[in-house]
Amino acid sequence: MRHFLTLNDCNKDELLEMIDLALDLKKALQTTGHQPYLKGKILAMIFEKSSTRTRVSFESGIYQLGGLGIFLSNRDIQLGRGENISDTARVISSMVNMVMMRTAEHSRLEEFAQYSKVPVINGLSDDYHPVQLMADYLTMVECGIYMPHKNPLYPQGGENARIPIVAYIGDGNNMAHSWLNLASILGFELRIASPKGYAPLQKILESAYATANKSGARISVSEDIKEAVRGANVVVTDTWASMGQENEKEERKKAFKGFCVDDALMSLAQKEAIFLHCLPAYRGQEVSESVIDGAQSRVFQEAENRLHAQKGIMLWLARVNGLISH
């Protein structure tokens, strides 16, 4: 059974296959309409954490693919009342064709997948946010910023395409971890700049460095935001306090002082550089209003691409796991 719990569950070619599918599905939606590849299939969507983009994109996505999405919060199922994960996984996976789970501890996803009879997708955990990274890379592709590889869907690509430089500014959280995964697998340059004490987890850094040795990726972590952004093609940030860290907001505001992506910082990047943010954004904190609403911002294109990237993931998983034959 193939799952999608982190980007490390797939190799480079498989991730690019999902991106190709996402591009095809997005183009088809704009021309011929919905493609019911997953007609009659059911996606269970388990939300132990609240969501806007993840819920709407998965529910719309499975519908556009011809299937049905079932929304399940802690208030709806016994998991929120103490039933163990293994029992929940066995029951739910016996009645649906695929599961998306958004939770806190990543170990909960791993346990659910261990006992599931169907593919499981990570809709977000405290350690990783792989579906967001697929939307981010899809946005990079559409903006002409992507890895060199031969594919007719990438007309500006090919072996001579430039290796992109991505600058991630801010908390070394699940987004930073998934950027580390993506860079180390695809082989591009990633520069992370975080305040002291807020760098990515060491075990995830070490894993990324090991994979980077094989892919040729260049990964650096520092506290210098200017050097991270200088010459970058993509500038990314995220909220300073994620869900579950509300009691740390004031402390984090002090720690992250000077880590706002503003016009002065963006001016150090390439002229054609784009700005990404997974949202929700706190304007005036991690990003200035002029940047997020500016000409280089692609955050709402990026947000829409959650829909298309996740359809690509679901369709790919359905095919490799034999849920459909085409």
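The values are calculated or read from the model by the stated rules, or taken from the named source; none is laboratory data. This structure is a prediction, so every number in the text was calculated from the model and none was measured. So basically every Cβ, Gly included, is an ideal-geometry build from the backbone, and we count neighbours across all protein chains shown.
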request  = Please indicate, with yes or no, whether at least one residue in segment 105-115 is under 18 Å from ILE324 (Cβ atoms), touching a residue at least 12 places away in the same chain (Cβ under 8 Å) and assigned to a helix (DSSP H, G or I).
outcome  = no
query = Can you name the number of the only condition in (1) outside the structural domain of THR52 (by TED's automatic domain parsing); (2) farther than 30 Å from VAL235 by Cα that ASP136 fails?
reply = (2)
message = Filter segment 246-256 down to the residues that are surrounded by 11 or more Cβ atoms within 10 Å (Cβ to Cβ), under 12 Å from TYR198 (Cβ atoms) and among the charged types (D, E, K, R) and list them by number.
response = GLU248, GLU251, ARG252
message = On the basis of being out of contact with any helix residue (DSSP H, G or I) (no Cβ under 6 Å at 6 or more places or on another chain) and surrounded by 18 or more Cβ atoms within 10 Å (Cβ to Cβ), does ILE92 make the cut?
response = yes
ask   = In this structure, is ILE77 within 24 Å of the chain's Cα centre (by Cα) and either among the aliphatic types (A, V, I, L, M) or within 18 Å of VAL118 (Cα to Cα) (or both)?
value = no
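Just to check your reading of the model, which residue among VAL291, VAL261, VAL236 is in contact with a Ser or Thr (Cβ under 6 Å, 6 or more places away or on another chain), aliphatic (A, V, I, L, M) and in contact (Cβ under 8 Å) with a residue 24 or more places away in the chain? Let's see the steps before the verdict.
Details: VAL291 fails: in contact with a Ser or Thr (Cβ under 6 Å, 6 or more places away or on another chain); VAL236 fails: in contact with a Ser or Thr (Cβ under 6 Å, 6 or more places away or on another chain).
Exactly one of VAL291, VAL261, VAL236 is in contact with a Ser or Thr (Cβ under 6 Å, 6 or more places away or on another chain), aliphatic (A, V, I, L, M) and in contact (Cβ under 8 Å) with a residue 24 or more places away in the chain, namely VAL261.
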message = Restricting to segment 24-62, and then to whatever is of a type in the set (D, E, K, R) and touching a residue at least 60 places away in the same chain (Cβ under 8 Å), can you tell me which residue is nearest to MET95 (Cα to Cα)?
response = LYS41
